[in-house]
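Enquirer: One structure, as structure tokens, below. Some questions next.
The values are calculated or read from the model by the stated rules, or taken from the named source; none is laboratory data. Only a predicted model underlies this, so the values are computations on that prediction, with no experimental measurement involved. Note: ideal-geometry Cβ built from the backbone for every residue, glycine included; neighbour counts use all protein chains shown. Quick note on the areas: whole protein, heavy atoms, side chains included, nothing else; ligands and nucleic acids left out. Shrake-Rupley method; radii C 1.70, N 1.55, O 1.52, S 1.80 Å.
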Amino acid sequence: MATVCHRPEGLGQLQAQTNFTKRELQVLYRGFKNECPNGVVNEETFKEIYSQFFPQGDASMYAHYLFNAFDIAHNGSIKFEDFVMALSVLLRGTVHEKLRWTFNLYDINKDGYINKEEMTDIVRAIYDMMGKYTYPVLKVDAPRQHVDIFFQKMDRNKDGVLTIDEFIESCLQDENIMRSLQLFENVM
């Protein structure tokens, strides 16, 4: 069975499409190639790599949702370009770009809306990823309660779904969300 290798397009083009310098892209590429020597990562490998960051919990479901958000072509693999484009938005994008990307993550079925079930699935995956040893200890129904509170704030027209506009507008008005969007701005 032949191994398919992928080599990214020129770094100059990626530099023009992202918020990274050529040097930063070189460092990111070296790390990507180290973990994924053939230049692409499938979901199983992505889950293995991602779970190393959360040894106390089960990161598999959240990694699944994250993988789907990174897999722009929806072909079951992430190329370096896909990875670095998403990372550029998450680390260096504008607030609106970050919120659009986050909306896409939560819109699991890609119908342009976030419903309570989708948000509950993501929140539950985040709780699972953080592990059972969080403090304070979380109740079993905490994800559902968390989502109910979010929906009360965000679902302006009370139709049971969030549009991208409702999502962005609500997030922009929430100090905690705005602070969390700034957490990774100085990572690289």
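Enquirer: Using a 1.4 Å probe on the protein heavy atoms only, what accessible surface does residue 175 show? Give it in Å² to the nearest 10.
Expert: 140 Å²
Enquirer: Specify whether the C-alpha gyration tensor of the chain places it in the rounded, prolate or oblate class, a ≥ b ≥ c being the square roots of the eigenvalues: rounded for a/c under 1.5, otherwise prolate if a/b is larger than b/c and oblate if not.
Expert: Here the chain falls in the prolate category.
Enquirer: Which loop chymotrypsin sites (Phe, Trp or Tyr not before Pro) in the stretch 1-91, with loop taken from DSSP, have no more than 16 other Cβ atoms within 10 angstrom of their Cβ?
Expert: 53
Enquirer: Something else now. Name the aspartates and glutamates eligible as straight-distance cross-link partners of residue 22: C-alpha to C-alpha under 14 Å, and not fewer than 8 places from it in the same chain.
Expert: 9, 81
Enquirer: Calculated from DSSP H runs of 4 or more alone, at -39500 (n - 2.57) each and per residue, what is the 222 nm mean residue ellipticity of the chain, nearest 500?
Expert: -17500 deg cm²/dmol
Enquirer: Report, in listed order, any pair from 47/110; 33/98; 116/158 with a Cα-Cα distance greater than 23 Å.
Expert: Details: 47/110 21 Å; 33/98 26 Å; 116/158 12 Å.
From 47/110; 33/98; 116/158, over 23 Å: 33/98.
Enquirer: Can you list residues whose amide H is under 5 Å from residue 40's amide H, if they're 5+ apart or on another chain and H is modeled 1.01 Å from N?
Expert: For residue 40, the qualifying residues are 6.
Enquirer: Among 27, 95, 147, which one shows the biggest mean-square fluctuation in a GNM of the chain, springs joining Cα atoms closer than 10 Å?
Expert: Largest GNM mean-square fluctuation: 27.
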